[in-house]
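Visitor: One structure, pasted below without further comment.
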Amino acid sequence: MKKYTHLLFDLDHTLWDYDSNVRDSLTELFTDYNLGSLGNPDFELFFEAFQATNHLLWEQFNKGLIDKDELRAMRFKEVFNRAQLPLSEIPKDLEEQFILRTSSKAKVMDHAFETLDFLKTKYQLHIITNGFNLSQYNKLKSSKLDTYFDLIVTSENSGFRKPDKRIFEHALLHLKAEASHCLMIGDNPLSDIQGAQNAEIDQVYYNPLNTESEVNPTYRIRHLSELIKIL
Ligand SMILES: [Mg+2]
């Protein structure tokens, strides 16, 4: 496989283990703010409410329906609503603490480092993420993923969000690269796979849980280490 020179990676849920890191930071916050005393002592219910809410808000963000500030202002209000906890009891700095603590967590997806170690010897590696500058830079640093990547494109520093093809074109311009020499690797059928297709970039759909989706990517993998076989 010699035709690619640049590999474009998504960050959250693709390299950086979003779900595990969020679970860890919410576990800390649940204890530190004594959230279990507000009406439901079960952390798992709180976590489920967070996951469902956060997923919906990020879907809306990716579709351009809400912006960063709205996402952050709405997040814990919606979580408290869904978990049937009193909105008047939301700690003032909960969102800020959530962002700080979550982005300081280091867990990465299985086989991330050995796969990147192999790929780094053969390709230029970059990040294209819909996340926000400070959080994404912190995540890269905390997890020690930062040393692998040359260009980091975020929705904030590019002004565009996947699946908009302009975020990919922004990357191509900076890299002085042709779309046909790039390969996008990500877990999100819409933002990563449809997005790269919009920009005529080949795609690897990383689907570790083998969830159903109607995408038709160039390649499919369930483990990051499968990239070594493809590339
Ligand atoms: Mg992702």
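Visitor: Looking at region 189-201, I want the residues that are over 14 Å from Thr14 (Cα atoms) and have a partner that is within 10 Å of the ligand (Cβ to nearest atom) with Cβ atoms under 6 Å, at least 6 apart or on another chain. Which pairs are those?
Guide: Partner pairs satisfying both residue conditions: Gly195/Lys162.
Visitor: Being aromatic (Phe, Trp, Tyr) and closer than 18 Å to His6 by Cα, is that true of even one residue in region 152-165? Lay out the reasoning, then the answer.
Guide: The first filter runs over region 152-165 and keeps only residues aromatic (Phe, Trp, Tyr), leaving 160.
Right, trim to closer than 18 Å to His6 by Cα and you get none.
No, region 152-165 contains no residue that is aromatic (Phe, Trp, Tyr) and closer than 18 Å to His6 by Cα.
Visitor: Let me ask something else. Take the residues of region 2-57 that are part of a loop (DSSP other than H, G, I, E, B), in contact with a strand residue (DSSP E or B) (Cβ under 9 Å, 6 or more places away or on another chain) and more than 16 Å from the ligand (Cβ to nearest atom): which is farthest from Thr115 (Cα to Cα)? Give the steps one after another, and end with the answer.
Guide: From region 2-57, those part of a loop (DSSP other than H, G, I, E, B) are 2-5, 10-11, 13-15, 17, 33-34, 39-42; that's our starting set.
Still in the running and in contact with a strand residue (DSSP E or B) (Cβ under 9 Å, 6 or more places away or on another chain): 3-5, 10-11, 13-15, 17.
From what's left, more than 16 Å from the ligand (Cβ to nearest atom): 3-5.
On the way: Lys3: 19, Tyr4: 16, Thr5: 16 Å.
Of everything passing the filter in region 2-57, Lys3 is farthest from Thr115 (Cα to Cα).
Visitor: While we're on this one: Looking at region 11-30, is at least one residue within 26 Å of Ile201 (Cα to Cα) and among the polar types (S, T, N, Q)? Full working, then the answer.
Guide: As a first pass, look at region 11-30 and keep what is within 26 Å of Ile201 (Cα to Cα): 11-18.
Keeping just the survivors that are among the polar types (S, T, N, Q) gives 14.
Yes, because at least one residue in region 11-30 is within 26 Å of Ile201 (Cα to Cα) and among the polar types (S, T, N, Q).
Visitor: Does any residue of region 177-190 turn out to be closer than 22 Å to Leu134 by Cα and assigned to a helix (DSSP H, G or I)?
Guide: Within region 177-190, not a single residue is closer than 22 Å to Leu134 by Cα and assigned to a helix (DSSP H, G or I).
Visitor: Would you list the helices (runs of 4 or more DSSP H) that sit entirely within region 85-163 and hold 3 or more residues that are out of contact with any His (no Cβ under 9 Å at 6 or more places or on another chain), more than 16 Å from the ligand (Cβ to nearest atom) and not assigned by TED's automatic domain parsing to the domain that holds Leu26?
Guide: Numbers: elements: 94-103, 112-120, 133-142, 155-158.
Result: 112-120, 133-142.
Visitor: Okay, moving on. Select from region 166-182 the residues that are over 17 Å from the mean Cα position of the chain (by Cα) and in contact (Cβ under 8 Å) with a residue 40 or more places away in the chain and list them in ascending order.
Guide: Step one: of region 166-182, the residues over 17 Å from the mean Cα position of the chain (by Cα) are 166, 169-182.
Ala171, Leu175, Ala177, Ser180, His181, Cys182 - these are the residues of region 166-182 that are over 17 Å from the mean Cα position of the chain (by Cα) and in contact (Cβ under 8 Å) with a residue 40 or more places away in the chain.
Visitor: Only one of Glu70, Glu59, Glu44, Glu48 is under 14 Å from the mean Cα position of the chain (by Cα) and either within 18 Å of Leu87 (Cα to Cα) or not assigned by TED's automatic domain parsing to the domain that holds Leu175 (or both). Can you tell me which? Full working, then the answer.
Guide: Details: Glu70 fails: under 14 Å from the mean Cα position of the chain (by Cα); Glu44 fails: under 14 Å from the mean Cα position of the chain (by Cα); Glu48 fails: under 14 Å from the mean Cα position of the chain (by Cα).
Of the residues listed, the single one that is under 14 Å from the mean Cα position of the chain (by Cα) and either within 18 Å of Leu87 (Cα to Cα) or not assigned by TED's automatic domain parsing to the domain that holds Leu175 (or both) is Glu59.
The values are calculated or read from the model by the stated rules, or taken from the named source; none is laboratory data. In this text the structure is predicted, and so the values were computed from the model without any measurement. Quick reminder, even Gly has a Cβ in these numbers, built from the backbone with ideal geometry, and neighbours come from all protein chains shown.
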